[in-house]
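Below is one structure; the comments refer to it alone.
Each value in this text was obtained by applying a stated rule to the coordinates, not by laboratory testing. Quick caveat: nothing in here was measured; it's all calculated off a predicted structure.
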Amino acid sequence: MATNPTYTISDLAREFDLTTRAIRFYEDMGLLQPQREGPGGRNRVYTSRDRTRLKLTLRAKRLGLSLTEAKDIIDMYDSPRDTGPQLRKFLAVLADHRRQLEEQMADLVANLDEVKTHEKEARALLGKIEKKA
């Protein structure tokens with residue numbers, strides 16, 4: 001009979017290039033729920049489910065979602081309910097995040113245009129000064 005693979009905190013830290021402290025933080029946030037073994041429950045034992053949840057958490061972070069948003073979405077996939085509401089929630093979160101990114105991009109473009117204007121003005125002034133010299 002095949003057993004489900006388990007992972008230590010060090011295994012996951014190595015695989016995902018994270019610190020063990022980061023993994024413990026995700027555990028504190030409720031994203032991971034390892035079993036505890038050994039004296040006083042000191043050893044964390046992570047399941048394939050925890051590994052998948054960590055992978056999804058990191059993907060959500062790359063998308064710029066907050067850990068709370070990531071947890072809400074990941075928790076929905078753990079429930080046996082219909083996937084329609086889950087997908088609608090995911091789309092709503094993504095749409096909100098896209099809107100935030102578009103606003104940030106517009107701000108960056110405006111800022112970049114302002115920098116270019118100042119550069120042009122400074123070059124023109126420098127050109128005038130160098131002509132006089």
Original post:
Which aspartates and glutamates have a Cα less than 19 Å from the Cα of Lys128, not counting those fewer than 8 places away in the same chain?
Top reply: Glu119
**OP:** Assign one of three labels to region 42-118, namely rounded, prolate or oblate, based on the Cα gyration tensor with a ≥ b ≥ c the square roots of its eigenvalues; rounded applies when a/c is under 1.5, prolate when it is not and a/b is larger than b/c, and oblate otherwise.
**Re:** oblate
Original post:
Relative contact order, percent, of region 27-133 when contacts are C-alpha pairs under 8 Å separated by at least 6 residues?
Top reply: 14
Subject >> Residue-wise HN-Hα coupling along region 102-119, computed from phi with Karplus coefficients 6.51, -1.76, 1.60 (Hz; x: Gly, Pro) >> reply: 5, 5, 5, 5, 4, 4, 5, 5, 5, 5, 5, 4, 5, 4, 4, 4, 5, 4
Original post:
Using 0.36 nm per residue, how much length does the chain from Gln100 to Lys132 gain when fully extended, once their Cα-Cα distance is taken away?
Top reply: 6.7 nm
**OP:** Any chance you could run the full-extension gain for Asp28 through Leu112? It's 0.36 nm times the residue separation minus the Cα-Cα distance, nm to one decimal.
**Re:** 26.3 nm
**OP:** Would you compute, from DSSP H runs of 4+ residues alone, the mean residue ellipticity of the chain at 222 nm, taking -39500 (n - 2.57) per run and dividing by the full residue count, rounded to the nearest 500?
**Re:** -24000 deg cm²/dmol
Original post:
Lys55: which lysines have alpha carbons under 29 Å from its alpha carbon, excluding same-chain residues fewer than 8 sequence positions away?
Top reply: Lys71, Lys89
**OP:** Return the sequence-ordered ³J(HN,Hα) values of region 120-125 in whole Hz as given by the Karplus equation 6.51 cos²θ - 1.76 cosθ + 1.60 applied to θ = phi - 60°, using x for Gly and Pro.
**Re:** 4, 5, 5, 5, 4, 5
